[in-house]
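Please read the structure below before turning to the comments.
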Amino acid sequence: MSDCIFCKIAAGDIPATLAYQDDQCVAFHDIQPKAPVHLLVIPRRHIASLLEVEAADAPLLGHLLAVAARLAREHGLTAGYKTQINTGHAGGQEVFHLHIHVLGQPQ
Ligand code: 5GP
Ligand code: ZN
């Protein structure tokens, strides 16, 4: 989507501090971190939110979670961490490109 900020980050058109990328997803540091480690994991494909997810997206969603877990380990969140997916206006979502927040304190 041409007017989506996270699509632009995934395409490299606007800068972000990347933590990981592959053919399906990109992870980067939140611009306004709410924890010492605050990462966002997004699909490269524009999916606005969980409200738009279909059954066929299950492998992609699983991959996003596996990447989130790997990045949490790599960033020292060995005692645990929070993951959060805000969904829709009523769910507090502000950027309408699906993303998993990973928040924690390195040990
Ligand atoms: P939401 O409420 O939609 O789940 O959270 C969106 C998150 O994206 C917020 O934590 C916000 O700080 C982050 N964010 C918004 N714009 C940008 C940006 O341009 N770059 C980065 N790295 N994070 C952003
Ligand atoms: Zn997008």
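What to note about this one:
- The angle between the Cα long axis of helix 58-74 and the longest principal axis of the Cα atoms of the chain comes to about 30 degrees, rounded to the nearest 10.
- For the chain, calculated [θ]222 nm from helices alone, where every DSSP H run of n ≥ 4 adds -39500 (n - 2.57): -7000 deg cm²/dmol
- Cysteines (scope the chain) whose Cβ has no counterpart Cys Cβ under 4.7 Å: C25
- Rel. contact order, % - alpha carbon contacts under 8 angstrom, at least six apart, segment 1-103: 31 percent
- Value of Rg to Rh for segment 64-107 (Rh from inverse mean 1/r over Cα pairs, i.e. Kirkwood): 1.05
- Relative frequency of Cα-Cα separations exceeding 16 Å in the chain, percent: 56 percent
- Residue exposure proxy: I31, I47, ordered by other Cβ atoms within 10 angstrom of their Cβ from fewest to most, comes out as I31, I47.
No value in this document is a laboratory result; all are computed from the given coordinates. All of these numbers come straight from a predicted model, not from anything done at the bench. Every residue, glycine among them, receives a Cβ derived from its backbone with ideal geometry; neighbour counts consider all protein chains shown.
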